[in-house]
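Here's the structure we're looking at; comments come further down.
The values are calculated or read from the model by the stated rules, or taken from the named source; none is laboratory data. Note that the structure is predicted; figures quoted are calculated from it, not measured. As a convention, Cβ positions derive from the backbone with ideal geometry for all residues, glycine included, and neighbour counts pool all protein chains shown.
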Amino acid sequence: MARVSWPPVCRHAALAAALALAGLSAQADGLTASPDTLAPTLLTVPGEAMLMDPPPAPAMPFPDASPVSPPPLTLTADEVGLASWYGAQFHRRRTASGERFDMAALTAAHPTLPFGSLVCVRSQFTGKSVVVRINDRGPHSGNRVIDLSRAAAQDLGLLGLGLKPVELFALDGGESTCPGPP
């Protein structure tokens, strides 16, 4: 059987007729569509034309539904203020608690918390947090709430940054980790 090759003009005319017929059929069913909406669903292959399934319609939200998100976790800090850090110049000197200061330990100086208290310090600048043990008195400047060891400042990402805002959370006896995210 001989294969018949249609000239390009005939192919386009046949395609246009198929689109028009599909449009008339849809209108008879009460549906309307413009040719522009059908064009993206048309795939042409040399010598053939094929209709593809149309893309799915975007999901319509319910008119009175609004996205529901969980309430934000609100943690109230016990203290908020500025933190500084101290290191090599005080390394191995006696602290107010009597132990020797170790700039590589996670310790801090606080004016009133009992020695041995664990405190979560969260940087408002970097968002990082660290648990420190109070072993010294200070800071001795009115505009700071805590002096951190070099290691604690490093964990918070505060080395070389001077005074930065922090939040303090006093941890109860059995706690050794910071409370949830800020």
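Can you confirm whether Gly180 is modelled with pLDDT of 90 or more, farther than 11 Å from Ala83 by Cβ and either under 27 Å from the mean Cα position of the chain (by Cα) or not in a strand (DSSP E or B) (or both)?
Against the criterion (modelled with pLDDT of 90 or more, farther than 11 Å from Ala83 by Cβ and either under 27 Å from the mean Cα position of the chain (by Cα) or not in a strand (DSSP E or B) (or both)), Gly180 does not qualify.
Take the residues in segment 79-92 that are assigned to a loop (DSSP other than H, G, I, E, B) and surrounded by 13 or more Cβ atoms within 10 Å (Cβ to Cβ), then tell me which one is nearest to the chain's Cα centre (by Cα). Write out each step before concluding.
Going residue by residue through segment 79-92, those that are assigned to a loop (DSSP other than H, G, I, E, B) are 87, 91-92.
Pick out the ones that are also surrounded by 13 or more Cβ atoms within 10 Å (Cβ to Cβ) and you get 87, 91.
On the way: Gly87: 33, His91: 38 Å.
Taking the candidates together, the pick is Gly87.
Residues that are part of a loop (DSSP other than H, G, I, E, B), under 24 Å from the mean Cα position of the chain (by Cα) and crowded, with 18+ Cβ neighbours inside 10 Å within segment 135-177 comprise just one, Leu158. With respect to the conditions (1) without any contact (Cβ under 8 Å) to a residue 40 or more places away in the chain; (2) surrounded by 15 or more Cβ atoms within 10 Å (Cβ to Cβ), Thr112 falls short on a single one, namely (2).
Going by what's in this entry, would Thr95 be described as farther than 22 Å from Lys164 by Cα, β-branched (Val, Ile, Thr) and surrounded by 14 or more Cβ atoms within 10 Å (Cβ to Cβ)?
On the way: farther than 22 Å from Lys164 by Cα: yes; β-branched (Val, Ile, Thr): yes; surrounded by 14 or more Cβ atoms within 10 Å (Cβ to Cβ): yes.
Judged against the criteria, Thr95 is a match.
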